[in-house]
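Q: The structure's right below; bear with me while I get my questions together.
The values are calculated or read from the model by the stated rules, or taken from the named source; none is laboratory data. Predicted model only: the values in this text are computed from it and were never measured. Please note: Cβ atoms are built from the backbone with ideal geometry, for glycine as well, and neighbour counts cover all protein chains shown.
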Amino acid sequence: MAPAAHDRHVGGASVLLVEDDRTVREAVAARLAVEGYTTLEADTAATGRAALETSQVDLVLLDQGLPDDD
């Protein structure tokens with residue numbers, strides 16, 4: 001039997017979450033942690049870009065309405 005879609009992630013996969021709204025960022029990060037993901041958080045586009053330069057991540061979740069970037 002195939003696993004459910006939400007169970008198909010690789011354990012320990014890392015996600016960079018770039019979101020300026022602290023409440024949203026913390027809620028999403030908490031849910032990702034429950035699902036077994038390692039989460040890096042950034043509150044600006046610049047901080048997110050800096051994180052990409054120093055960390056290897058499997059996925060980036062990016063807020064499209066960040067105040068410091070289009």
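Q: Quick check: anything in segment 49-60 touching an Asp or Glu at 6+ places or on another chain (Cβ under 7 Å) and in a helix (DSSP H, G or I)?
A: No; the residues of segment 49-60 include none that is touching an Asp or Glu at 6+ places or on another chain (Cβ under 7 Å) and in a helix (DSSP H, G or I).
Q: Another one. Would you confirm, using the coordinates I've provided, whether Gln56 is at pLDDT below 95, farther than 10 Å from Ser14 by Cα and surrounded by fewer than 12 Cβ atoms within 10 Å (Cβ to Cβ)?
A: no
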